[in-house]
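One structure is given below, encoded as structure tokens.
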Amino acid sequence: PKLKNYKGTIVVGGETDQRNRVFGFKDIVTSAKPNVLLPEVDPNEVALLPYSSGTTGMPKGVMLSHRNCVANLCQCNHPALVNHVPTSDSYQERILSVLPFFHIYGFNGILNTSLSYGMHMISIPKFTPESYIECVLKYKPTVLFVVPSLLLFLASHPAVKSEHLASIKEVTCGAAPATKSLMDKFLEKVARTDINIRQGYGMTETSPVTLFTPNNMPESKSGSTGQLVLGTRAKIVSLKTGENLPPHGSGELCVQGPQVMIGYLNNEQATKETIDEEGWLHTGDVAYYDEDGYFYIVDRTKELIKVKG
């Protein structure tokens, strides 16, 4: 029977057959012409309003602009940091993520990154050991985005076997530093040495990435959260005097860059306390760097309570 008002069938992965009113989705996309004028967007307007964590009062709304978010995507997509195989008609990287998209790591670090590369992303709404292992087996992801607690689960849970992780080529860990012993334990579980474990560092106020481990990082730098992403400046200042410290001197990490927030929503005082008059954002993290520009996070200057990563 014929459908009323039937105009045609769109097929994904198939060829266009005009005679039978069958249209290939790829042909539609490549031949389409925009007939709607998109609204102009000020790149400096607020695009995202995630809330920062803390124990000193209510969480603060972090005003991130379109420019902040796009700049950080471009910084993280630099060839020195990227190890993904480009998406093609025959191949697509598969990402498994359980991290929430209302968190800046989940939103800009995972969701937008996946979209920018055309990756196949599998999102798990809630973590349970059973559901996570089931998804690993079913979808065979090539890339995992994790936090240290999830990496520890994969490395130590008896239900996780090396064959479960056979498809994994790369693991990116963020939200907190992963120790060398934890990474070694994970590599021991997978029983392979060809997995690339990456670390990054950032915060909600920096969209979020400021440091990331490059592709060619020497093994001697294991435990580092990487080097500055493109266009970012940093300094380590003494907790007592505020003076700049040389390599291997531990102090507060301060950063500048196009990914740094506009400020806190309706909280000018907190903004001034975080971003000084010279434009340096004070992270509240204690760190040091070595002669090669690799940074190491060692402590916090502010009290925080983290729950589930």
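Here, each number is a calculation from the coordinates, and none is a lab measurement. The structure displayed is predicted, hence computed values, not measured ones. Because the Cβ atoms are built from the backbone with ideal geometry, glycine has one as well, and the counts that use them run over all protein chains shown.
Overview of results
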read-out: Condition met for V62 (farther than 28 Å from P158 by Cβ, surrounded by fewer than 20 Cβ atoms within 10 Å (Cβ to Cβ) and more than 12 Å from the chain's Cα centre (by Cα)); value: no
read-out: Output for segment 141-159, where each listed residue is of a type in the set (A, V, I, L, M) and within 24 Å of the chain's Cα centre (by Cα); value: V143, L144, V146, V147, L150, L151, L152, L154, A155
read-out: Checking D17 against (1) out of contact with any Phe, Trp or Tyr (no Cβ under 9 Å at 6 or more places or on another chain); (2) more than 30 Å from L211 (Cα to Cα), the condition it does not meet; value: (1)
read-out: Failed criterion for E188 (all others in (1) of a type outside the set (K, R); (2) within 22 Å of P208 (Cα to Cα); (3) outside any loop (DSSP other than H, G, I, E, B) hold); value: (2)
read-out: Positions within segment 1-40 being surrounded by 10 or more Cβ atoms within 10 Å (Cβ to Cβ), out of contact with any Asp or Glu (no Cβ under 6 Å at 6 or more places or on another chain) and of a type outside the set (G, A, S), in sequence order; value: T9, I10, V11, E15, D17, R21, V22, F23, F25, K26, D27, I28
read-out: Residue list for segment 266-279, filter: out of contact with any Lys or Arg (no Cβ under 7 Å at 6 or more places or on another chain) and either part of a loop (DSSP other than H, G, I, E, B) or of a type in the set (G, A, S) (or both); value: N266, D276, E277, E278, G279
read-out: Qualifying position, being within 25 Å of Y296 (Cβ to Cβ) and without any contact (Cβ under 8 Å) to a residue 24 or more places away in the chain, among S181, S156; value: S181
